[in-house]
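The values are calculated or read from the model by the stated rules, or taken from the named source; none is laboratory data. Remember, it's a predicted structure, so these values are computed and weren't measured experimentally. Counting neighbours? That spans all protein chains shown, and the Cβs are built from the backbone with ideal geometry, glycine included.
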Amino acid sequence: MADQTTTAAVPPRAASDEPGLAKGRFSLLVWMSERGVFLFTALLVVVAVVFVNGFASLANITDVFYRAAPIGIVAVGMTFVVISANYLDLSVVAQVATASVILVGVSNTAGFPAAIGLALVVALLYGVVNGLAVGVFKANAVIVTLSTTFIGLGILRWLSGGSIFFGPEDGPIRAFGQAKLGPIPLSALVLLVITAVLWFVLTRTNFGFLIRSFGSNKAATRLAGVNTALVVVGAFVITSLAAMLAGFVLAAFSNTAVSTMSDGYDFSALAAIIIGGTSVFGGKGSVLRTLLGVIFVSVLTNILVLLGIGFGLQQVAIGALIVLAVSVDALARRVGKK
Amino acid sequence: MKPDMPLPVLEASSIVKRFGGAVAVDDVSIAVSAGEIHAVVGENGAGKSTLMRVLAGILTADQGTVKVGGELLEGGAKGSLEAGIALVHQELSLIPEMTVAENIMLGSTPTSYGFIRTRQLKAAAAEALDEIGVSVDLNESVARLSVALRQFVEIARAVARKPRVLILDEPTATLTPAETDHLLAMLQRLANRGMAIIYISHRIPEVFTICTTITVLRDGKVVDSTPLVETTPSAVIDKMVGRELSLDLSSRRVATPGALVLSARGIRAHNVNGVDLDVRSGEIIGLGGLVGAGRTELVRAIVGADPRYGGTVTLWVDGHPRNITSYQPAVRAGIGYVPEERRTDGLALTMSVSDNIALPNRRELSSAGVILAGKTARFASNLADAVGLRPPVITRDVGEYSGGNQQKVVIAKWLGRKPRFIVLDEPTRGVDVGAKAEIHRIVRELADNGAAVLVVSSDLPELLELSDVIHVVRDGRITGTLSAADANEKSVMSLASGENLVGA
Amino acid sequence: MKLGTEQSGLLGRVRNLAARRTEGRGLILLALVIIVVAILEPTAFTAYSVTLGRVALIGLVALGLTAVILMGELDLSVASTLAVSGVIMASIPDLGLGIVVALAAGILIGIVNAVFVVYVGINSFIATLGMLFALRGLAFVISDEKPVRLSNIDAGIAFGAPLIGPVTPRVLIFIVAFIALQVFLTRVRAGREFYAVGGNRQAAFDAGIPVRRRIFTGFMISGFVAALAGVINTLERTAADPTAGSSVLLASFAAAIIGGVVLTGGRGSVVGTLIGALSLGILQVALTLSGVQTDIQDIFIGSILLIAVITDPTQLRAAAASVRSFFQRREKAQIPT
């Protein structure tokens, strides 16, 4: 349905019919949309180290890692939804907050395993509801996840009363949040492990293969005998599980949890994914490049903070970057088609 | 042009239109005068529709000029409309949510200060409907009309623009004989009043009822353009198919049909009105017919890719009958389907050859859900070699390959499943000659190895060369069955167009 | 020979009408809401100035969205447009100038959205999502992350007062906007052609309709209407909140979609949107009056939107097919050997 991306009414073009390969075309736009993130992230880090006072300090780097970890975990998970050509999952905001509150709040009263169990059930519920609405009912993913965001946040605020939960000072959550390996917090290592696992799933398993194939061509994937509804549900479940882990990490970082703590995660995660070169048109993308996108967005935000630039302008800058990255991708596809 | 003919209203000279490397319209010139009904005929894919889209300004010609009343045509679709060319499309282009009157006046709605002048709108629409002799409630939403009435509304839209040249592309495809007669009479009236009409049709009898001149296209070229009185239906069909004795039937296999593999009973679906079909092991069944006859809908309903309204499909799996109700189980039970549109339905163009071949075979190429990379690569490269992919680089994106190679990849992915029953819909459309021969070889090998094969093709020589039995489909029904020995281009065409020209 | 419309009798006509119209779900919801509210919380009807105000708040933005969705596009940026325009207006000391600049900003945002959709070729979901985020940031920048008080508070207070009976200026503006859009989409050629652009874009283009210009118009309408809503909010509250709009986004989408405006374009009406806004507005006021907190209201409206979007009449058939294949019996699924 929403595949009406072409606005100008362009008459259909027939296939090229020369024998053998069509001529390979190198395009700067194509390169930028797919591989640009390597160069830009490297440049940004170099600029930050050389020109920005206070960036290259150990404390600052650790801080960047702390902030990047939960966003990064959400982003690598949500990469699955984006690659499967379902735009994004806006409800990660609600999912992360819910997981945080459950982890801290429920473990205070009912114990740690119960909290994790409940969080897992909630995450699966999110994934399945979003996935069924999009995969089976063919509803638009943006609208579906917009509504589940409000349902989820509504339930969370209602049940939690909007209050802040504090973990015990000596509990396992606190311990996890404080743990570091040299300058690198444990949460950043969690991000790396999850990235590695999801990279493996996306590139080396049948399920990941079907996600990419479905994103590239829904009709062809269905006609190969694939249960495409399951593929979509799977993509949303992966995203939900990642959002749950991100919620744990976020709660552990501050040893507190509140329903508003993940505001803006939808935005930051989408920025990282798109800047990482995953196409919003589906089919193309990589978890590893999303990780680079996370580093890019986190470093950029950190630089802006260090330069004393306010939250509003940060949002404008990153919003502009998203639109720019999507435009480059869209234009590159157009060049590629000609 | 003959000296006694009046000055042409529309004159197209040396039109060339290419799509990628393929030449769809090759140096075509055509002239139509006021009061003339000019038939343009040709097989599927002869370039008729492309030519008409060029004349209507929807496509821009790569070479050549179009003149209307002596003036060069410019400004795309809008320019053509303003110059007085109106095209009635083959596929319906009405807006379902709008009323009949609004649809008729779409794009030329009368307004004052931007507001629609409803009374004038309805008057003009009523006039157009009157002109074509059809009465429809002007306020009715088009979504409620029958297909035939929609076709007339579409024609009314063209007529409402008071065009100098009216182009109709297969207007009778969805009409009953009575409706067709009505349409033909109406066109005659319009022509008598001085309108120039270009009439595209597969249906030769209609052409001979009303047209004054006929132009035959084949492979994008004009093969004949003559006053109708100087030719006969039989001669026209000969020129359309053109290859009278050129057909190489020496490559035909001797079919040795084995056990029944697939049997479809009473299939009804969108555009399919009750079809029975049996396919045996080792047999190639061809489905012939005109574009829009319902062949693609039929095969999609058989394999379960689209919903059926009625009927049953049974697949024999090692002697056990199995009901085929939906697509996924059909594929798992050993059905393969090469769809008509390889770019939109057949291939993930941004993925590699290897990935595309692996897609339906992923269960065999993985262990506990983890892809076996080495096995996949060997599997894909063996199949790429088997279908003659050139160059056989399985890591490249399929989108980088030419049409013929892409089609080989689509076939390769099903070959890997060793299908019991495989459907190939237009297997060689837009494919170069070399690849075509190879695809034919593959299809024969499939049958020789015991598969039951169903081929849909609008390419008559292909159909005749490949098939052991040809079923001809018209209006969603099988209207005739020809064995390999009896079939020729003329007999298939006659059955397809509904005119008995042969024997009888 | 004369060919005519097939006669199907009164019953057939009614059945056909029911099948074609998309407002059915909206009407059902409205009836349900009215019955339930009349039984449980009838004060929602007696306090109609509150109820009308709420309907106008939800409905106004939904009207603009309707114009865009009819063409098969989507404008997610309305929420931020509302916030930005309010903040712009409050930042300009002169009230009249502020209103003009704020409305112009709304139109400008619509133009930018349309440029990305038409000329760059980005899907409108993503393009306007990017705008949603970027404009939210812009609202923070202009407002310095705090609510901006209106300098002319008296004007704001006067604006909030009812004009005739329960009709406040907000309700009046909503009614005028509704009538204007209804007239535009049914009586003005450009508006009528929105249906053609959404229903069959290729056909619209072939018929000589300036498709790109229509898309620009649609986004400009939705930007303008969202800005208008921002201006009204700012006047009524005598301050502009840079975080405003996120719950309006949900409610306005819910109103348009439950009202039967089909996301793929070409089908729906502003009357349907009005029905959707009415049911949601009455529901919200009734919930508020019964002391239900806003969080639970969000759950209600979110659920309504979710149900509305998965029961889209054009998609139900596809869904039925999906459900069938999803629950395929497994014994058929084995690979024969």
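Note on the stretch C:141-177: residues that are farther than 28 Å from A:Val316 by Cβ, modelled with pLDDT of 80 or more and assigned to a loop (DSSP other than H, G, I, E, B) total 1.
For the stretch B:26-46, the set of residues classified as over 21 Å from B:Phe208 (Cα atoms) and under 20 Å from the mean Cα position of the chain (by Cα) consists of B:Asp26, B:Gly45, listed by residue number.
Out of the residues in the stretch B:190-213 that are touching a residue at least 40 places away in the same chain (Cβ under 8 Å) and either part of a helix (DSSP H, G or I) or acidic (Asp, Glu) (or both), state the one that is surrounded by the fewest Cβ atoms within 10 Å (Cβ to Cβ). Top of the filtered list is B:Asn192. Screening A:Val237 with (1) surrounded by fewer than 23 Cβ atoms within 10 Å (Cβ to Cβ); (2) free of Cβ contacts under 8 Å to residues at least 60 places away in the same chain gives one miss only, at (2). Within the stretch B:17-38, track down each residue that is of a type in the set (A, V, I, L, M, F, W, C) and either surrounded by 23 or more Cβ atoms within 10 Å (Cβ to Cβ) or within 14 Å of chain A (Cβ to nearest Cβ) (or both). B:Phe19, B:Ala22, B:Val23, B:Ala24, B:Val25, B:Val28, B:Val32, B:Ile37, listed by residue number. Can you work out which of the residues in the stretch C:192-212 that are in a helix (DSSP H, G or I) and without any contact (Cβ under 8 Å) to a residue 12 or more places away in the chain is nearest to the chain's Cα centre (by Cα)? Per the criteria, the residue is C:Arg192. Return yes or no: is C:Ala177 away from chain A (no Cβ under 11 Å), closer than 22 Å to C:Gly137 by Cα and aliphatic (A, V, I, L, M)? No: the conditions fail for C:Ala177.
Looking at the stretch A:305-318, can you tell me whether even one residue there is in contact (Cβ under 8 Å) with a residue 60 or more places away in the chain and β-branched (Val, Ile, Thr)? No, the stretch A:305-318 has no match at all. Only a single criterion out of (1) at pLDDT 90 or above; (2) touching a helix residue (DSSP H, G or I) at 6+ places or on another chain (Cβ under 7 Å); (3) of a type in the set (Val, Ile, Thr) is not satisfied by B:Thr215, namely (2). For the stretch A:327-335, the count of residues that are modelled with pLDDT under 85 and either out of contact with any helix residue (DSSP H, G or I) (no Cβ under 7 Å at 6 or more places or on another chain) or more than 12 Å from every other protein chain (Cβ to nearest Cβ) (or both) is nonzero.
Condition check ((1) part of a helix (DSSP H, G or I); (2) surrounded by fewer than 24 Cβ atoms within 10 Å (Cβ to Cβ)) across all residues:
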position	(1), (2)
C:Gly64	yes, no
C:Leu74	no, no
C:Ala83	yes, no
C:Ala102	yes, no
C:Ile107	yes, yes
C:Ile122	no, no
C:Met131	yes, no
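Restricted to helices (runs of 4 or more DSSP H) entirely inside the stretch B:312-390, those with at least 2 residues that are touching a Leu at 6+ places or on another chain (Cβ under 6 Å) are B:353-358, B:373-387.
Residues of the stretch A:305-326 being more than 7 Å from chain C (Cβ to nearest Cβ), in contact with a Gly (Cβ under 6 Å, 6 or more places away or on another chain) and either at pLDDT below 90 or closer than 21 Å to A:Val37 by Cα (or both), which ones? Matches in the stretch A:305-326: none.
Among the candidates A:Gly117, A:Gly154, the residue that is crowded, with 22+ Cβ neighbours inside 10 Å and either in a helix (DSSP H, G or I) or among the acidic types (Asp, Glu) (or both) is uniquely A:Gly154. Assess whether B:Arg144 counts as being in contact with a Lys or Arg (Cβ under 8 Å, 6 or more places away or on another chain) and among the basic types (Lys, Arg). Answer is yes for this residue.
Within the stretch B:270-284, the set of residues being closer than 25 Å to B:Val317 by Cα and buried (at least 17 other Cβ atoms within 10 Å of the Cβ) comprises B:Val275, B:Leu277, B:Val279, B:Arg280, B:Ser281, B:Gly282, B:Glu283, B:Ile284.
If the condition is being within 24 Å of the chain's Cα centre (by Cα), without any contact (Cβ under 8 Å) to a residue 40 or more places away in the chain and more than 8 Å from chain A (Cβ to nearest Cβ), then the stretch C:131-174 contributes only C:Leu172. Set side by side, the residues A:Asn302, A:Asn255 differ, and just one is more than 11 Å from chain C (Cβ to nearest Cβ) and surrounded by fewer than 20 Cβ atoms within 10 Å (Cβ to Cβ), which is A:Asn255. B:Leu287 meets each of the listed conditions (1) in a strand (DSSP E or B); (2) surrounded by fewer than 23 Cβ atoms within 10 Å (Cβ to Cβ); (3) away from every other protein chain (no Cβ under 11 Å) apart from (2). Taken as a whole, the structure places C:Ala229 among residues that are under 20 Å from C:Leu185 (Cβ atoms) and part of a helix (DSSP H, G or I). The residues of the stretch B:113-129 that are surrounded by fewer than 20 Cβ atoms within 10 Å (Cβ to Cβ) and either at the interface with another protein chain (Cβ under 10 Å from one of its Cβ atoms) or β-branched (Val, Ile, Thr) (or both), listed by number, are B:Tyr113, B:Gly114, B:Phe115, B:Arg117, B:Thr118. Restricting attention to the stretch A:135-149, the residues that are in contact (Cβ under 8 Å) with a residue 12 or more places away in the chain and within 20 Å of C:Leu249 (Cα to Cα) add up to 8.
If you go through the stretch B:450-463 and keep only what is over 15 Å from B:Leu424 (Cβ atoms) and either outside the structural domain of B:Glu341 (by TED's automatic domain parsing) or modelled with pLDDT of 90 or more (or both), you end up with just B:Gly450. Against the test of being surrounded by fewer than 19 Cβ atoms within 10 Å (Cβ to Cβ) and closer than 20 Å to C:Glu145 by Cβ, the options C:Ile111, C:Ile88, C:Ile92 yield a single qualifying residue, C:Ile92. Please enumerate the residues belonging to the stretch B:328-365 that are crowded, with 20+ Cβ neighbours inside 10 Å and among the small types (Gly, Ala, Ser). Passing the criteria: B:Ala330, B:Ala333, B:Gly334, B:Gly336, B:Gly346, B:Ala348, B:Ser354, B:Ala358. For the stretch C:213-220, check the following and say yes or no: at least one residue is away from chain A (no Cβ under 14 Å) and small (Gly, Ala, Ser). Looking through the stretch C:213-220, none of the residues is away from chain A (no Cβ under 14 Å) and small (Gly, Ala, Ser). Inspection of the stretch B:315-327 identifies at least one residue that is surrounded by fewer than 20 Cβ atoms within 10 Å (Cβ to Cβ) and within 11 Å of chain A (Cβ to nearest Cβ).
Scanning the stretch B:398-432 for residues that are at pLDDT 90 or above, of a type in the set (D, E, K, R) and surrounded by fewer than 22 Cβ atoms within 10 Å (Cβ to Cβ) gives B:Arg417, B:Lys418, B:Arg420.
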